[in-house]
1. Just the residues that are over 27 Å from Glu9 (Cα atoms) and hydrophobic (A, V, I, L, M, F, W, C), please, taken from region 87-120.
2. Could you list, ordered by first residue, the pairs with Cβ atoms under 6 Å in which the first is in region 298-321 and under 16 Å from Gly242 (Cα atoms) and the second is at pLDDT 95 or above and near the ligand (Cβ under 9 Å from one of its atoms), at least 6 apart or interchain?
3. Does Pro281 qualify as being within 25 Å of the chain's Cα centre (by Cα), part of a loop (DSSP other than H, G, I, E, B) and either within 7 Å of the ligand (Cβ to nearest atom) or modelled with pLDDT of 90 or more (or both)?
4. Filter region 84-114 down to the residues that are under 20 Å from the mean Cα position of the chain (by Cα) and under 19 Å from Glu182 (Cβ atoms) and list them by number.
5. Report every pair of residues separated by at least 6 positions or lying on different chains whose Cβ atoms are under 7 Å apart, first residue within region 145-162 and in a helix (DSSP H, G or I), second of a type in the set (Ser, Thr, Tyr).
6. Select from region 290-301 the residues that are surrounded by 13 or more Cβ atoms within 10 Å (Cβ to Cβ) and more than 8 Å from the ligand (Cβ to nearest atom) and list them in ascending order.
Amino acid sequence: MSAGDVILEVAGLRKYFPVRNVWKRRVGWLRALDDVSFSVRRGEILGIVGESGCGKSTLGKTLMGIHTATAGRVVFEGHDIARLKPHQSRRFREHLQYCYQDPGASLDPRWTIRGSLHEPLIVHTDLPRPEREARVREMLRAVGLPETHLDLYPHEISGGQQRRVGLARILTLKPSVVILDEPTSGLDVSVQATILQLLLSLQRQFGLTYLFISHDLSVVRLICDRVAVMYLGRIVEIGSTGAVFTTPRHPYTQSLLAAIPVIGGRRVTETFALEGEPPSPTNLPSGCRFRTRCPKAQPLCAQRDPPLRADWPDQQAACHLAD
Ligand code: SF4
């Protein structure tokens, strides 16, 4: 990956939350992100997957500045924004947008669609009204809604249309990177397909880069160029979607893939189900953090924390025994 291709570079990112007792005294740290490093190419879709509680949403929110990073770097379009105060990072973060599971749910019921779409432009830009109106109309058309919707209120349109308006609202600021947090979760399969098609069409039309946070591996396989697998606050495997899904190197990835239902065809991984709950991120095991659930664990795994190894053309994995 050449430096010019990289739009977002994350290095050694940590986010620790204090754990307090009933007297509010700090008794430990919850390591939600623990030394996370990866790069994102301009125009790609990078999937972030893992069980709930693995840190994928915390990662998205820390990149956005919703959580302040404990340590590490987030270099976005050449600027390190990890430790900037909100007012300092505002002009960079306009181009880095976060999309909640249902972006339509955040529409103000007292405002018309026009009001909701103008608001981010009023707050973040000094565009005159005619230019704002032109941008708003462009984005409404881009998400497949007629301009007649501008004068309606959220309760006058369907839930699916509200979701589209929410997306249009994010796009009004012309972001270059959008962090999509479980964008298809809770939707019927047919609605999921429509939303995925819309996201892909918007990506092509506006040259967007997506970080696609999801627990749905089937969807990730369908639309992501690369995928990062997280376990207990750390990336344990990252690589091209083809490589990770056909030759997963890390036992955790293998167990996640084994959990995808297969109808007909042959499963590509050794099939062992993932058993038990992950350990608490406030009390991580020594060595490899997956060793308490790993069927391949050896004594070495309790002694040394495996680094991400780039031993394969399109893939890196953090496992002593991966081959
Ligand atoms: Fe399993 Fe050891 Fe590899 Fe960790 S390092 S995933 S415990 S084999």
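The values are calculated or read from the model by the stated rules, or taken from the named source; none is laboratory data. None of the values given here were measured: they were computed from a predicted structure. When we count neighbours, we look across all protein chains shown, and the Cβ atoms used for this are built from the backbone with ideal geometry, even at glycine.
1. Ala105, Leu107, Trp111, Ile113, Leu117
2. Note: pairs meeting the criteria are Ala317/His250.
3. It is false that Pro281 is within 25 Å of the chain's Cα centre (by Cα), part of a loop (DSSP other than H, G, I, E, B) and either within 7 Å of the ligand (Cβ to nearest atom) or modelled with pLDDT of 90 or more (or both).
4. Once the filter is applied, which keeps residues that are under 20 Å from the mean Cα position of the chain (by Cα) and under 19 Å from Glu182 (Cβ atoms), region 84-114 yields Leu96, Gln97, Tyr98, Cys99, Tyr100, Gln101, Asp102, Pro103, Gly104, Ala105, Ser106.
5. So the pair list comes out as Leu150/Thr112; Asp151/Thr112.
6. Answer for region 290-301, where residues must be surrounded by 13 or more Cβ atoms within 10 Å (Cβ to Cβ) and more than 8 Å from the ligand (Cβ to nearest atom): Thr292, Arg293.
Listed here are the residues, each with its yes/no results for (1) surrounded by fewer than 17 Cβ atoms within 10 Å (Cβ to Cβ); (2) in contact with a Phe, Trp or Tyr (Cβ under 6 Å, 6 or more places away or on another chain); (3) among the small types (Gly, Ala, Ser); (4) not assigned by TED's automatic domain parsing to the domain that holds Thr241.
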position	(1), (2), (3), (4)
Asn21	yes, no, no, no
Lys24	yes, no, no, no
Leu33	no, no, no, no
Gly72	no, no, yes, no
Gln88	yes, no, no, no
Arg91	yes, no, no, no
Ser116	no, no, yes, yes
